[in-house]
Amino acid sequence: MIVLIVYLFPKGGIFKYEFTKGKPWQYENLYAPFDFAILKTKEEIEAEKQQISENIIPYFEYDTAIAREAKDAYDLAFDNYLDAFSKSSAKKEAKLFGRVLLNEFYRYGVLNSDYSYNDTRQVFLNRGNTAEAINYGQLLTTKELTRLINSKVENSEYSKFKSDFLALFYDIVKPNVRLNERLTQSTLDSELEKVSTTRGGVSKNSRIIAKGEVVEGSKLQILNSLKSEYESQVWSDKNFYWIVLGYSVLITTALT
C-alpha cells in the first residue's frame, strides 16, 4: 500500500505562486530561478500551422504516357475529323497548326480535376525523376482547354473548321496531370513537425515581474512558461532517493 501511494505522488516541481490574468502581481519582485524558454500560445502555434498549410507547395504528377498516346493518335484523328483537307494543298499547314496546339496543351498538361488553388500558387510538376516549379494556372482544366481551343482556332485561318478541331481534340486529348496527395501531405506533415512551441527565452536571475505589475501580455506568457517548466521538472537522480524516503516516512506515519 505504501509503495503504491508513493508511486502515485507527483514527481514534478510545484509552482508556489498564484496569479490571474489582468490582476496585479501580489508577491515580491520575481526573478528567474533558472534559464527557461518562453512557450508560444496555442493561438500562435495554430496560426503558424495555418500559414504553413496555406503556403505548402503541392506536388502534381505528369503522365507522359497519356501525352504520348495523344500525339501518336493525332495524324489518324486529323484525317478522320478534317477530311476536307484530304485533297487540299493546305493540309500540311493545317495539320501542323493542330499539332502545335496539341503540344501546347501538353506543355504542362491537362488536370484530371479542378483543384481549389489560386492560379498564382506555385506547384511542383513531377515528370519522372524531375520536378519543375510552375504556377497552378499553367495547368489546364477541361474547361480552360475548351476555351483555349476555341480562342486559338477562332483567331486563325481555320476558324470555319472550329467544330472539327474541337471534335478532334475532344477525342484524343485526355487529362494527364493529377495531384499527388500522399507526397503533398507528407511534405506538409514534415513542415508542421518543425513548428517550434517556444519563442526566445529568459535568462537566470533576470526580473520577470515586479510587485504590483499587472499580469498580462508577455508577462503572463512568461509566467505560464515558468509554471509549466516547474511542473515538468522531474526528480533528479541526486535527490530521488531522499524524496522517496521522505514520502515513505510521512505515509507510514499517517497510516500508523
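The values are calculated or read from the model by the stated rules, or taken from the named source; none is laboratory data. Bear in mind the structure is a predicted one, so any value in this text is a computation, not a measurement. Virtual Cβ from ideal backbone geometry, glycine too; neighbours counted across all protein chains shown. Note: accessible area is taken over every heavy atom of the protein model, side chains too, but ligands, DNA and RNA are not part of it. Shrake-Rupley method; radii C 1.70, N 1.55, O 1.52, S 1.80 Å.
Looking only at the stretch 40-74, residues that are closer than 23 Å to Ser190 by Cβ, in contact (Cβ under 8 Å) with a residue 24 or more places away in the chain and among the aliphatic types (A, V, I, L, M) come to 4 in all. Residues that are open to solvent by 20 Å² or more (accessible area, probe 1.4 Å), among the charged types (D, E, K, R) and in a loop (DSSP other than H, G, I, E, B) do not occur anywhere in the stretch 124-139. Filtering Ala77, Ala84 for residues that are farther than 26 Å from Leu179 by Cβ, in contact (Cβ under 8 Å) with a residue 60 or more places away in the chain and either part of a strand (DSSP E or B) or open to solvent by 40 Å² or more (accessible area, probe 1.4 Å) (or both) leaves a single hit, Ala84.
Given the criterion loosely packed, with under 13 Cβ neighbours inside 10 Å, without any contact (Cβ under 8 Å) to a residue 12 or more places away in the chain and over 24 Å from the mean Cα position of the chain (by Cα), identify the matching residue among Ser206, Ser151.
Numbers: Ser206 fails: without any contact (Cβ under 8 Å) to a residue 12 or more places away in the chain.
Testing whether each residue is loosely packed, with under 13 Cβ neighbours inside 10 Å, without any contact (Cβ under 8 Å) to a residue 12 or more places away in the chain and over 24 Å from the mean Cα position of the chain (by Cα) leaves just Ser151.
What residue, among those in the stretch 209-219 that are of a type in the set (D, E, K, R) and within 34 Å of the chain's Cα centre (by Cα), is most open to solvent (accessible area, probe 1.4 Å)?
First pass over the stretch 209-219, keeping only residues of a type in the set (D, E, K, R): 211, 213, 216, 219.
Filter again for within 34 Å of the chain's Cα centre (by Cα), leaving 216, 219.
Values: Glu216: 102, Lys219: 58 Å².
Only one residue fits best here, namely Glu216.
Selection within the stretch 99-117: residues that are over 14 Å from Glu61 (Cα atoms) and under 22 Å from the mean Cα position of the chain (by Cα). The member of this set that is least open to solvent (accessible area, probe 1.4 Å) is Tyr117.
Quick check: anything in the stretch 220-231 out of contact with any helix residue (DSSP H, G or I) (no Cβ under 6 Å at 6 or more places or on another chain), open to solvent by 80 Å² or more (accessible area, probe 1.4 Å) and not small (Gly, Ala, Ser)? Lay out the reasoning, then the answer.
First pass over the stretch 220-231, keeping only residues out of contact with any helix residue (DSSP H, G or I) (no Cβ under 6 Å at 6 or more places or on another chain): 220-231.
Filter again for open to solvent by 80 Å² or more (accessible area, probe 1.4 Å), leaving 231.
After this cut, where a residue has to be not small (Gly, Ala, Ser) as well, the list is 231.
Yes, that holds for at least one residue.
Sub-6 Å Cβ pairs linking a first residue in the stretch 159-182 that is charged (D, E, K, R) to a second residue that is in a loop (DSSP other than H, G, I, E, B), at least 6 apart or interchain, are Asp164/Leu82; Arg178/Asn112, ordered by first then second residue.
So is Lys91 at pLDDT 90 or above and out of contact with any His (no Cβ under 7 Å at 6 or more places or on another chain) or not? If you could, list the steps in order and put the result at the bottom.
On the way: at pLDDT 90 or above: no; out of contact with any His (no Cβ under 7 Å at 6 or more places or on another chain): yes.
Considered against the rule, which asks whether it is at pLDDT 90 or above and out of contact with any His (no Cβ under 7 Å at 6 or more places or on another chain), Lys91 comes out as no.
Screening Arg68 against (1) surrounded by 13 or more Cβ atoms within 10 Å (Cβ to Cβ); (2) modelled with pLDDT of 95 or more; (3) assigned to a helix (DSSP H, G or I) leaves a single unmet condition, (1).
Test Glu104 against the stated conditions and say whether it is among the charged types (D, E, K, R), more than 30 Å from Thr41 (Cβ to Cβ) and at pLDDT below 95. Lay out the reasoning, then the answer.
Values: among the charged types (D, E, K, R): yes; more than 30 Å from Thr41 (Cβ to Cβ): yes; at pLDDT below 95: no.
When the stated conditions are applied, Glu104 does not pass them.
Restricting to the stretch 157-203, name every residue that is assigned to a loop (DSSP other than H, G, I, E, B), open to solvent by 30 Å² or more (accessible area, probe 1.4 Å) and either charged (D, E, K, R) or more than 30 Å from Gln51 (Cα to Cα) (or both). Selection gives Glu157, Lys174, Pro175, Lys194, Ser203. Exactly one residue out of Thr146, Thr120 is among the hydroxyl-bearing types (Ser, Thr, Tyr), surrounded by fewer than 16 Cβ atoms within 10 Å (Cβ to Cβ) and outside any helix (DSSP H, G or I), and it is Thr120.
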